[in-house]
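For reference, the structure is listed below as structure tokens.
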Amino acid sequence: MSELGPVYPGRASLGKGHTSLDAVRRPSVGVRPDANCLAVGTVAVMRRAFLLAAAAFVVAGLAGVQMRFGMQYGLPGGWRLEHVRFAHTHLMYFGWATPALFALICSLVAERTGRPPSRLARAATGLALASAAASFVPFLLDGYGFTQVGALRLPLSMIASSGALVAWGSWAVAYAAATWDLRRDLALVAIDAAVLALLIASAGAWGLAAAAFAPVAPGMLMDRLVPFYLGVFSNGWFALAVVGLLAGALAPRVDERLGRVAVVLLLAGTLVAAFADLLAIWPAWIAVAARLAAAYGAVVLGLQVALAAGRARWFGALSLGAMLTAKGLVEGALALERVARWSERAALPVWLAHGYLLGLVTLALAWLALRRWRPDAGGWFWGVAATVAVLLVGIAPLTQAWPFARGVWVLPLAAWASLAPVVGIAALAWVVAGGRRS
Ligand code: HEM
């Protein structure tokens, strides 16, 4: 059996008399004997959504490459680095990772219920993609500021991205409606927690949208709201959704009880730490304890994934479990003020952010997409992983933690190395698109 197959666990995996569907559906709900076939036949639309998300990665990645070259040669057309960074971050978060997670979760749910993704789920995924695409140019030109449109000055980037807020809320409703009658195994518990984080993060984003229309320049509020909602988004929504999808793929090999406790710790720790930073009114130790709890949750979940994947000899998933464990350990260390200060001085945050967002979130999406849509082409995962490694090695000399980080070669190396994952994800999309027409 390949590392990525079989995509849909058969009866054998749960022992005599039980199918994978029996394990997740309450007996009262009508069971369709052909549920797996139905799911295979109806998630094609979600594969298209994944491919569009991959296209968003390519555009956002090129904006990142442009930033890297811009650091050496300057940016074209009077663009400001800060605005390009906003455009890059938004498209990566809301055009790539979020719709790709929507597509993979919808496919997992369809596989378990035997029902196709609802019209609402499909519309919400489409709206999320459209809104991310529409806000890219306004962010590039004016960041969170106002754009001149004829005689009017409008916060165009905020208007365009407010569609995403509607999309996330609608998608959460569609997810709840599709899964309310399913048994909550670790995969669904983690995805439930992820969706809660998504909704809480979007409350922060609503606040940001409202602040953009406020008569007084809300600089300080904006400065705190942006890290709040991006933090809950990446450490809550991304991390827990990835855990849920990996647990779904690895079921029933993961330890359910321990996993549930770790999910609660990860969610609660992330939320408490984010609110403590946002409100800045609590004693500092609460945020430290919350960060440590979230880190502990991530380590436990990472080890669980790695052990379960190791037992199945799925080395791609094992490496993702190891990455999650490493993220937990790093977050735990960064919870200590001294370490956090050293990391800032050594210019590590951007490197660490990409180690997580590319090395775990993006690679997990690649592994899960191959497993679902091209189980025969699992080896491509290592190709994509190699391109991510090239970027991370290439930008390492920009940090002070690298002993040989001197010389004229540092910026060109970082710029050229940054192209690698763009090529990697474009190739992944090509492979996924060429798969079995399901
Ligand atoms: C081809 C892949 C990528 C390239 C070339 C790239 C490049 C960059 C560059 C040049 C910056 C600005 C760094 C600075 O200001 O010093 C940046 C920042 C950022 N990128 Fe990426 N990036 C990539 C992938 C991603 C992905 C996949 C995500 C998220 C899913 C992401 C999220 C971010 C975030 C959140 C920041 C702001 C970090 C901060 O200011 O602390 N990037 N990226």
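The values are calculated or read from the model by the stated rules, or taken from the named source; none is laboratory data. Since the structure is predicted, the reported quantities are computational estimates derived from the model, not experimental observations. Heads up, the Cβs are rebuilt from the backbone with ideal geometry, glycines too, and the neighbour counts pull from every protein chain shown.
Key figures for this structure:
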item	result
Test result for LEU324, farther than 18 Å from ALA294 by Cα, modelled with pLDDT of 95 or more and either surrounded by fewer than 16 Cβ atoms within 10 Å (Cβ to Cβ) or in contact with a Leu (Cβ under 9 Å, 6 or more places away or on another chain) (or both)	no
Enumeration of residues in the stretch 100-157 that are surrounded by 24 or more Cβ atoms within 10 Å (Cβ to Cβ) and part of a loop (DSSP other than H, G, I, E, B)	PRO117
Any hit, the stretch 312-333, residues being touching a Ser or Thr at 6+ places or on another chain (Cβ under 7 Å) and without any contact (Cβ under 8 Å) to a residue 24 or more places away in the chain	no
Residue that is within 13 Å of the ligand (Cβ to nearest atom), touching a Lys or Arg at 6+ places or on another chain (Cβ under 6 Å), outside any loop (DSSP other than H, G, I, E, B) and within 17 Å of TRP351 (Cα to Cα), where the choices are ALA420, ALA389, ALA414	ALA414
Residue tally, condition within 23 Å of the chain's Cα centre (by Cα) and surrounded by fewer than 24 Cβ atoms within 10 Å (Cβ to Cβ), over the stretch 242-253	2
Tabulated pairs, the stretch 43-70, first among the aromatic types (Phe, Trp, Tyr), second near the ligand (Cβ under 8 Å from one of its atoms), C-beta under 9 angstrom, 6+ apart or interchain	PHE57/MET92; PHE57/TRP96; PHE57/ALA97; PHE57/THR362; PHE57/PRO421; PHE57/VAL422; PHE57/ILE425; PHE69/SER418
Helices (runs of 4 or more DSSP H) enclosed by the stretch 290-360 - at least 3 residues per element that are small (Gly, Ala, Ser)	315-334
Count of residues meeting criterion [more than 12 Å from the ligand (Cβ to nearest atom), β-branched (Val, Ile, Thr) and modelled with pLDDT of 70 or more] in the stretch 205-242	1
LEU348 being buried (at least 16 other Cβ atoms within 10 Å of the Cβ) and in contact with a His (Cβ under 7 Å, 6 or more places away or on another chain)	no
Verdict on GLY394 being in contact (Cβ under 8 Å) with a residue 40 or more places away in the chain and either within 10 Å of the ligand (Cβ to nearest atom) or assigned to a helix (DSSP H, G or I) (or both)	no
Single unsatisfied condition, GLY379 versus (1) near the ligand (Cβ under 10 Å from one of its atoms); (2) more than 20 Å from the chain's Cα centre (by Cα)	(1)
Given (1) touching a His at 6+ places or on another chain (Cβ under 9 Å); (2) more than 10 Å from the ligand (Cβ to nearest atom), index of the condition ALA401 fails	(1)
Pick from the stretch 57-81, criterion part of a helix (DSSP H, G or I) and more than 10 Å from the ligand (Cβ to nearest atom), ranking: surrounded by the most Cβ atoms within 10 Å (Cβ to Cβ)	VAL59
Enumeration of residues in the stretch 336-370 that are within 15 Å of the ligand (Cβ to nearest atom), over 21 Å from LEU301 (Cβ atoms) and free of Cβ contacts under 8 Å to residues at least 24 places away in the same chain	ALA340, SER343, GLU344, PRO349
Neighbours by Cβ (under 8 Å, 6+ apart or cross-chain): first from the stretch 252-272, free of Cβ contacts under 8 Å to residues at least 12 places away in the same chain; second in a loop (DSSP other than H, G, I, E, B)	none
Any hit, the stretch 168-188, residues being surrounded by fewer than 24 Cβ atoms within 10 Å (Cβ to Cβ), under 20 Å from ALA53 (Cα atoms) and among the polar types (S, T, N, Q)	yes
